[in-house]
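Contents: one structure, followed by commentary.
The values are calculated or read from the model by the stated rules, or taken from the named source; none is laboratory data. Keep in mind the model is a prediction, meaning the values are calculated, not measured. Note that each Cβ is placed from the backbone with ideal geometry, even for glycine, and that neighbours are counted across all protein chains shown.
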Amino acid sequence: MVTRFSKRNILKNLANIPGWRTKRKLLIFESDDWGGIRMPSREVFNNLLKEGIDLLSDDGFRYNKYDSLETAEDLASLFEVLSTVKDSTNNMAVFTPVSVVANPDFVKISQSDFTKYYYEPFTKTMERCKGCDNSFTLWKEGIEKRLFMPQFHGREHLNVNEWMRALKGGHKKARKAFAGSMWGISTANDPDIKVEFQAAFDFIEPADLKYHKEVIVSGLNLFEKLFGYRATYFVPANGPFSTKLDTVCLTEGIKYMYSSKIQTEPLGQGRTRKRLHWLGQKNKLGLTYLIRNCFFEPCQPGLDWVDRCLDEISIAFKWHKPAVVSSHRVNYIGALDWHNRENGLSQLNLLLRKIMKAWPDTEFITTAELGKIISNE
């Protein structure tokens, strides 16, 4: 581990100064996107490329190339790595999988001629996906063993209203992706679509906020039905989120909200405003903001992710902050390319062991546990 006195390193130090502090060395792994189908198969990937859909530009390439619904083998392999490393309190390493609980029902939507939206629990999606028929059994085992403790990412990782408008209007790329049971194409440079399909709570039309409230309520209810407990932590998919939705979050049991340090809040009609957040900050309703300060994305090439993450953990601990590590599901998925899973897990294993060697008093906790510690619950 080498501490670099670069501009990035200086900014990382400054970013860790504000907010809640602790002398305990708390380590949290948050992993987004579990439950979403993303790229259904290698065949679909190849077909969409042949159709001229750009799947390899910008940061989205790794999700399109590697990310898919988690198989039982993916989960078992991840749990094996997590269970082999224990902290100073004899707890095994643990992930907080930030999860969606539903995917579009492509058959019913097609049967409605794109006039009505339907969704299905992600457990039903698993029934049709190769290698996933036993996946939810592994989810439940992960919860029971405190290796894999889900929290809420949204009902689906999809801006339903914008997607349905595009489909109903005959948008060619959206229709082609739909034919492969996929929606996660980039729309960042599409003049006909104003928001990213993946950004579930972004909006142009303020009237969409009413539907977003329904998504949060139905999503949290489905989360409880699937997992047997109420989610208390919410990471809005892709980030954009209106404070006008805070009340429904609180009413439905959310206590802790994720935000980037500088949040871009959509206001409608292309307008936005910036909001500053820090760890432990409470808004006027009492929701507590939790902030990530470390990143581990080993499927993204060109960086030594173990060394980089260790540097960020070192900075967090220096400022008496918990190390909250962001590490997306895509790093541990092998359904489309098993080398991707092997690479991600080998680097995760190395990272965990180096953490315990550098800081033997580290404690592995979940995001919900961090929220409780900060709030003195």
Could you figure out which of (1) part of a loop (DSSP other than H, G, I, E, B); (2) free of Cβ contacts under 8 Å to residues at least 60 places away in the same chain; (3) touching a strand residue (DSSP E or B) at 6+ places or on another chain (Cβ under 8 Å); (4) not aromatic (Phe, Trp, Tyr) isn't true of Asp202?
(2)
All but one of (1) surrounded by 21 or more Cβ atoms within 10 Å (Cβ to Cβ); (2) modelled with pLDDT under 95 hold for Trp34; state the number of the condition that does not hold.
(2)
In segment 105-158, residue nearest to Gly334 (Cα to Cα) [restricted to those that are part of a helix (DSSP H, G or I) and of a type in the set (Gly, Ala, Ser)]
Ser135
How about segment 279-300: which of its residues are part of a loop (DSSP other than H, G, I, E, B) and under 25 Å from Arg329 (Cα atoms)?
Leu279, Ile291, Arg292, Asn293, Phe296, Glu297, Pro298, Cys299, Gln300
So Ala231, is it touching a residue at least 60 places away in the same chain (Cβ under 8 Å), in contact with a helix residue (DSSP H, G or I) (Cβ under 9 Å, 6 or more places away or on another chain) and assigned to a loop (DSSP other than H, G, I, E, B)
yes
I'd like the residue in segment 146-177 that is under 30 Å from Leu75 (Cβ atoms) and of a type in the set (D, E, K, R) and, out of all such residues, is surrounded by the fewest Cβ atoms within 10 Å (Cβ to Cβ).
Arg146
Restricting attention to segment 41-67, report how many residues are in contact with a Cys (Cβ under 8 Å, 6 or more places away or on another chain) and at pLDDT 95 or above.
1
Gly344 fails exactly one of the following numbered conditions: (1) crowded, with 18+ Cβ neighbours inside 10 Å; (2) in contact (Cβ under 8 Å) with a residue 60 or more places away in the chain. What is the number of that condition?
(2)
Every residue from segment 296-331 that is more than 19 Å from Leu370 (Cα to Cα), among the basic types (Lys, Arg) and surrounded by fewer than 21 Cβ atoms within 10 Å (Cβ to Cβ)
Arg308
Any chance Trp183 is under 26 Å from Lys50 (Cβ atoms) and among the aromatic types (Phe, Trp, Tyr)
yes
Of all residues making up segment 234-277, the number that are more than 15 Å from Val98 (Cβ to Cβ) and either in a helix (DSSP H, G or I) or not basic (Lys, Arg) (or both):
24
